[in-house]
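What follows is a set of notes on a single structure, which appears directly below.
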């Protein structure tokens, strides 16, 4: 019995490192590659407007972007920029095979709690003693592309944006792909 391939529409950061560039880079390092696959890792991105209230003055407005790891829930500062028209820079929408996605483990509400907590701590650090009012202006679920590369008995992950090798947990990225029946080609 043949299963149909499920496609999912996602927002993702456009890869800079193509498969050809990746293979050339690995060939220069004399790496023996037996398989390559593109996978997408989820991040919740929250765009905050922070108003810093000052005595007898208008509030100072500061904007902050917080990304929350969609698997671990860990927040960090930063995310895709928004251009003047309100579009996300370097982010595209496309339908991809569902098996190419790392499973989203952190829901939107939990991610928002983590992002708000991080934003409050961060703003309190930057502006100690200020009364801060936070407002979420925008929220997005965006996927970041990674290349999974099989070299002998080891699978390594390389960021498809900057080409840097990263440490991955086989329980998240690779396990999810194996459960779906996906193989590195």
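What the table below lists for this structure:
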quantity	calculated
Leading residue by the ranking (surrounded by the most Cβ atoms within 10 Å (Cβ to Cβ)) among those in segment 93-128 that are in contact with a helix residue (DSSP H, G or I) (Cβ under 7 Å, 6 or more places away or on another chain) and in a loop (DSSP other than H, G, I, E, B)	102
Segment 156-185, residues that are at pLDDT 65 or above, outside any loop (DSSP other than H, G, I, E, B) and surrounded by 13 or more Cβ atoms within 10 Å (Cβ to Cβ)	156, 157, 158, 159
Conditions (1) at pLDDT 95 or above; (2) touching a helix residue (DSSP H, G or I) at 6+ places or on another chain (Cβ under 6 Å); (3) in a strand (DSSP E or B); number of the one not met by residue 42	(2)
Enumeration of residues in segment 19-52 that are under 27 Å from residue 92 (Cα atoms), loosely packed, with under 13 Cβ neighbours inside 10 Å and without any contact (Cβ under 8 Å) to a residue 40 or more places away in the chain	20, 24
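Residues checked against (1) part of a loop (DSSP other than H, G, I, E, B); (2) within 30 Å of residue 111 (Cα to Cα):
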| site | (1), (2) |
| --- | --- |
| 17 | yes, yes |
| 21 | no, no |
| 37 | no, yes |
| 46 | no, yes |
| 57 | yes, no |
| 67 | no, yes |
| 73 | yes, yes |
| 79 | yes, yes |
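One line per residue, one yes/no per condition, for (1) under 14 Å from the mean Cα position of the chain (by Cα); (2) in contact (Cβ under 8 Å) with a residue 40 or more places away in the chain; (3) surrounded by 15 or more Cβ atoms within 10 Å (Cβ to Cβ):
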{"position": "59", "(1), (2), (3)": "no, yes, no"}
{"position": "65", "(1), (2), (3)": "yes, no, yes"}
{"position": "80", "(1), (2), (3)": "yes, yes, yes"}
{"position": "91", "(1), (2), (3)": "yes, yes, yes"}
{"position": "130", "(1), (2), (3)": "no, yes, yes"}
{"position": "136", "(1), (2), (3)": "no, yes, no"}
{"position": "143", "(1), (2), (3)": "yes, yes, yes"}
{"position": "154", "(1), (2), (3)": "no, no, no"}
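The values are calculated or read from the model by the stated rules, or taken from the named source; none is laboratory data. The structure presented is a predicted model; accordingly, all values stated were derived computationally and were not measured. For neighbour counting, all protein chains shown are included, and Cβ atoms are generated from backbone atoms with ideal geometry for every residue, glycine included.
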